[in-house]
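Structure record follows, encoded as structure tokens.
The values are calculated or read from the model by the stated rules, or taken from the named source; none is laboratory data. What you are looking at is a predicted structure, and each value in this text was computed from that prediction instead of being measured. Positions of Cβ are generated from backbone atoms using ideal geometry, with glycine treated the same way; all protein chains shown enter the neighbour counts. With ligands, DNA and RNA removed, areas are computed over all heavy atoms of the protein, side chains included. Shrake-Rupley method; radii C 1.70, N 1.55, O 1.52, S 1.80 Å.
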Amino acid sequence: MSTADKLFIDMCREIIDNGFSTEGEKVRPKWEDGTYAYTLKKFGVVNRYDLSKEFPALTLRRTYIKSAIDEVLWIWQKKSNNIKDLSSHIWDSWADPDGSIGKAYGYQMGVKHVYKEGMMDQVDRVLYDLKNNPYSRRIITNIYVHQDLHEMNLYPCAYSMTFNVTGNKLNAILNQRSQDVLAANNWNVVQYAALLHMFAQVSGFEVGELVHVIADAHIYDRHIPIVKELISRQAFPAPKFKLNPDIKDFYKFTKDDFIIENYKYGEEIKNIPIAI
């Protein structure tokens, strides 16, 4: 069993056994048939992944790792807010006819800001600080920008990263305001684990811990039986992860520079209903 499996199972059991039900509350999400989508939820879930020991891919079912990495590159490297620049179709429901999701995600990463060192966007600021001020406690990104929220087709869920160098290891905290545990948990974990690997490599550090903080971790009512079956499955050891060592420029990475070996996983879960 991988560490990602254990943490996922423990989190799901805690939500199912001790979570708060939102049934009857005034909730925003609905199912495709118009029914309100209620949840079991836990506030303030914190999971820690030591990336120096293993890559945190769930084995209870498959996480499409290359597609997850493609999305994080779309946000952090391409700094795009248009689904036409993305291989997968996960954002289609939130895009306008031109493919834009508004001033969200990649748009915010690409906005330039004035610093005493010059004009930089948030990604370039992280890269600059990791090279020039690696022990700074101010290496932070934030895409939850209040003045632009009204122009975002979806408010950012995973909205902030805090990077911290300890010794020769690069660590990070991912802050997430809300998470659909079944649909998105390991997808986000894999994405930001890969991102941390990339930043560590191009900055000359070893990869350390990814700490995932979720304010509202929830399982939707229609997902509960699916999750119960999922966490009862046999799990496998974590896959082997390799990153192309020749890439020293963050903007040169492609999803083909990530090599996943010996990835064993359980049966795929198809047609998971998604609340919008």
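Summary table below
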read-out	value
Residue within region 108-118 that is surrounded by fewer than 19 Cβ atoms within 10 Å (Cβ to Cβ) and touching a residue at least 60 places away in the same chain (Cβ under 8 Å) present	no
Residues of region 172-187 satisfying the condition of being surrounded by fewer than 22 Cβ atoms within 10 Å (Cβ to Cβ) and within 20 Å of Asp50 (Cβ to Cβ)	Ile173, Asn175, Gln176, Trp187
Filter result for the condition that a residue is buried (at least 21 other Cβ atoms within 10 Å of the Cβ), at pLDDT 95 or above and under 18 Å from Arg125 (Cα atoms), over Phe205, Phe163	Phe163
Pair list, Cβ under 8 Å, 6 or more apart: region 15-29 residue under 14 Å from Ser178 (Cβ atoms), other residue among the basic types (Lys, Arg) and part of a helix (DSSP H, G or I)	none
Matching residues in region 44-102 - criterion: being open to solvent by 60 Å² or more (accessible area, probe 1.4 Å) and basic (Lys, Arg)	Arg48, Lys53, Arg62, Lys66, Lys78, Lys84
Tally, over region 148-160, of residues that are open to solvent by less than 20 Å² (accessible area, probe 1.4 Å) and aromatic (Phe, Trp, Tyr)	0
Selection within region 217-261 - open to solvent by 80 Å² or more (accessible area, probe 1.4 Å), in contact (Cβ under 8 Å) with a residue 24 or more places away in the chain, part of a loop (DSSP other than H, G, I, E, B) and more than 28 Å from Gln122 (Cβ to Cβ)	Gln234, Pro237
Long-range neighbours under 7 Å by Cβ, at least six apart or interchain, first residue assigned to a loop (DSSP other than H, G, I, E, B) and at pLDDT 90 or above within region 73-102, second aromatic (Phe, Trp, Tyr) and surrounded by 17 or more Cβ atoms within 10 Å (Cβ to Cβ)	Gln77/Phe250; Gln77/Phe253; Ser80/Trp74; Asn81/Tyr105; Asn81/Tyr107; Leu86/Trp74; Ile101/Trp91
